[in-house]
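Each reported figure results from applying straightforward, stated rules to the coordinates on display, with no laboratory input. Bear in mind the structure is a predicted one, so any value in this text is a computation, not a measurement. Quick reminder, even Gly has a Cβ in these numbers, built from the backbone with ideal geometry, and neighbours come from all protein chains shown.
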Amino acid sequence: MALKLEDLAAQGLLAPERVEQLSEVAARFSVAVTNQMADLIDPADPADPVAAQFIPDESELETAPDDRPDPIGDEHWSPLPGLVHRYPDRVLLKPVLVCPLYCRFCFRREHVGKDGMLSPRDLNRAFAYIEDHPEIWEVIVTGGDPFVLSPRRLGNLVRRLEAIGHVAVIRFHTRVPVAEPSRVSPALVAALSTGKALYIAIHANHPREVTPQMREAVARLTRAGIPVLSQSVLLRGVNDDPAILEQLFRSLVAIRVKPYYLHHPDLAPGTGHFRLPLDDGRRLVKSLRGRVSGLCQPAYVLDIPGGYGKVPIGESAASRCEQQDCWMIEDSAGGTHPYPPIPGNSGG
């Protein structure tokens, strides 16, 4: 059962007087916290990193000058309801805009929790669009959270995508294995069975989210042969610390989850308090180089506001020398080395 403001107060996770104070936030942006995530919150810690992600705050009503209602330009690239076609070879399919819990930094926070499910008519139109565009090689099923759908609905969706010849890859984006792992039932896993390449990208931001129940949910997926990736968002007060990121990514790799993206926060309304300066993010990510295995290092990316796409923004280890045919390469300890090496020079 998802917890609302009154439930959070009843469990001691929110001061009773704050329920009324936060009612305006809840009226604008959806509020729900699963019991699994609520159990991870330390009510004695005012800076608890799990609470910061899910319990609303008055600062969400503060609009920064850079905030945008559609921060990554989905609307510009939406030919039909429930469909985003930003890149030539792949589309986003959003069959549902409901989540088991609502992240306070969500870039779709103006829509999730309000619009419900895509109508059968619009879903059919979305499938027809995919069928009519042979350049679409991958379909990314997102939302909302598609894993709130019943196994029957998920299975029907997979079968319909499986029947489109030019679709080679199906990818699901979900928070369910972390937020409500019991939903990852044998029936749900069976519904994902397909002869096509199917990947799951889960969302986790703090090592505390890698619980025994989450590990079991992921194991049910990996035992079925489904590759699992992760996406995280770099958040002030949650994971803006190299030791926390190191622990998170190592914990994920240890359960066969490959860290895929670390997102710089989008310019969603009322989320300015989560955003770090880009320079700080780049330094944090750079500090992981040489500190953790390459398996533990996601790409640090930014979705360019306005719908211009996702790009890597991490610092490069390579820079041009004064001579155009030479590069300087920085190692993980900060030393620099010419490339190609200069004969007789160690480059240290």
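Points to keep in mind about this one:
- Between Asp122 and Trp327, the contour length at 0.36 nm per residue exceeds the alpha carbon distance by 68.6 nm.
- The calculated Kirkwood hydrodynamic radius for segment 25-85 is 14.5 Å, given to one decimal from all distinct C-alpha pairs.
- Stretch gain in nm, segment Ser182-Thr63, where the contour uses 0.36 nm per residue and the Cα spacing is subtracted: 39.2 nm
- Centre-to-centre, using Cα atoms only, segment 160-230 and segment 316-335 are separated by 40 Å.
- Only Cα pairs under 8 Å and 6+ residues apart enter the sum, and on that basis the relative contact order of the chain stands at 15 percent.
- The chain: proportion of alpha-carbon pairs further apart than 29 angstrom, %: 44
- With a Förster radius of 41 Å applied to the beta-carbon distance between His133 and Lys4, the computed FRET efficiency rounds to 0.50.
- Spatially proximal lysines relative to Lys196 (Cα-Cα < 29 Å; intrachain offsets below 8 disregarded): Lys94, Lys258, Lys310
- Charges were assigned to the Cβ only: +1 to each Lys and Arg, -1 to each Asp and Glu. The resulting dipole of segment 224-296 about its Cα centre is roughly 260 debye.
- Percent RCO, i.e. relative contact order, over segment 77-229, from Cα pairs under 8 Å lying at least 6 residues apart: 20
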